[in-house]
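Visitor: To start, I am sharing the structure in question, which I have written as structure tokens.
The values are calculated or read from the model by the stated rules, or taken from the named source; none is laboratory data. As the structure is a computational prediction, the values presented were derived from the model and not from experiment. Please note: Cβ atoms are built from the backbone with ideal geometry, for glycine as well, and neighbour counts cover all protein chains shown.
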Amino acid sequence: MGRKFAPVALGAARALFSTVTVALLLALFLGVSPVSAQAQSLPQCRDDLAILRHDGQLSQFNVEIAATPAERAQGLMGRHHLPSSAGMLFVYPDAREVSFWMHDTPLPLDILYIDSTGRVAKIAHNAKPFDDTPIPSGSRVQYVLEINGGLAARLGVSEGSQLAYPQIDQARAAFPCP
């Protein structure tokens, strides 16, 4: 014997199915993921990837590494374009106070000063292109991440956000590598 459903129950089920289908199609069309940040799969730490955790979200940046004095001195000077998913990570051998400037840098940048545990200590938002005014870290930092100007605010990255990166001492890391 087959089951019989009341027409009202079938109508409600069809309406719910239609609503869910439309919502998923809109999410796909708009590029919005219906998966919450908690369900987001964690990317693997790599030397060329900076992973920031902020407000329950993750942001990833493919980074060029500036680890030598010459690379740190050059930075992003002379660059006219930086993809929104890219940045430059300045890596120092130990924590220290640093100061950056925008000499010969035509792009506005957000400069994230990050301590030795990976915690963002300070952000210089929208650093002005070609400006030779020093922008000090204000505290001892071991990493500095430069990304497109205004991007930190748009993403919700703020002081206290955490960086997962393989060179951070994982035993002391604010956000250990997944």
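Visitor: Given the criteria surrounded by fewer than 12 Cβ atoms within 10 Å (Cβ to Cβ), modelled with pLDDT under 95, of a type outside the set (Val, Ile, Thr) and under 22 Å from GLY156 (Cα atoms), does SER36 qualify?
Guide: Answer is yes for this residue.
Visitor: Could you list, in sequence order, the residues of the range 41-85 that are more than 16 Å from ALA174 (Cα to Cα) and hydrophobic (A, V, I, L, M, F, W, C)?
Guide: Residues satisfying the conditions are LEU49, PHE61, VAL63, ILE65, ALA66, ALA67, ALA70, ALA73, LEU76, MET77, LEU82.
Visitor: Collect the residues in the range 53-87 that are in a loop (DSSP other than H, G, I, E, B) and within 20 Å of ALA127 (Cα to Cα), keeping them in residue-number order.
Guide: Of everything in the range 53-87, those that are in a loop (DSSP other than H, G, I, E, B) and within 20 Å of ALA127 (Cα to Cα) turn out to be GLY75, LEU76, MET77, GLY78, ARG79, HIS80, HIS81, LEU82, PRO83, SER84, SER85.
Visitor: Could you list, ordered by first residue, the pairs with Cβ atoms under 8 Å in which the first is in the range 62-76 and over 20 Å from LEU49 (Cβ atoms) and the second is part of a strand (DSSP E or B) and modelled with pLDDT of 95 or more, at least 6 apart or interchain?
Guide: Close Cβ pairs (under 8 Å, with a partner that is part of a strand (DSSP E or B) and modelled with pLDDT of 95 or more) amount to GLN74/ALA66.
Visitor: Right, another one. Output the number of residues of the range 52-97 satisfying the condition of being of a type outside the set (A, V, I, L, M, F, W, C) and farther than 15 Å from ASN148 by Cα.
Guide: Total meeting the criteria: 15.
Per-residue answers, yes or no, for (1) among the aromatic types (Phe, Trp, Tyr); (2) assigned to a strand (DSSP E or B); (3) without any contact (Cβ under 8 Å) to a residue 24 or more places away in the chain:
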residue: PHE90; (1), (2), (3): yes, yes, no
residue: LEU107; (1), (2), (3): no, no, no
residue: ASP110; (1), (2), (3): no, yes, no
residue: PHE130; (1), (2), (3): yes, no, no
residue: LEU145; (1), (2), (3): no, yes, no
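Visitor: Given the condition among the polar types (S, T, N, Q), under 15 Å from GLN74 (Cα atoms) and surrounded by 16 or more Cβ atoms within 10 Å (Cβ to Cβ), answer yes or no: does some residue in the range 100-107 qualify?
Guide: yes
Visitor: Now, a different point. GLY150: more than 26 Å from PRO176 (Cα to Cα), among the small types (Gly, Ala, Ser) and touching an Asp or Glu at 6+ places or on another chain (Cβ under 9 Å), yes or no?
Guide: In short, yes.
Visitor: Which numbered condition in (1) surrounded by fewer than 20 Cβ atoms within 10 Å (Cβ to Cβ); (2) within 14 Å of the chain's Cα centre (by Cα) is the only one that ASP132 fails?
Guide: (2)
Visitor: I'd like the residue in the range 66-98 that is β-branched (Val, Ile, Thr) and surrounded by 11 or more Cβ atoms within 10 Å (Cβ to Cβ) and, out of all such residues, is farthest from the chain's Cα centre (by Cα).
Guide: That would be VAL98.
Visitor: Okay, next question. Given the criteria surrounded by 14 or more Cβ atoms within 10 Å (Cβ to Cβ), out of contact with any His (no Cβ under 8 Å at 6 or more places or on another chain) and free of Cβ contacts under 8 Å to residues at least 24 places away in the same chain, does PRO176 qualify?
Guide: Yes; evaluated as a whole, the condition is true for this residue.
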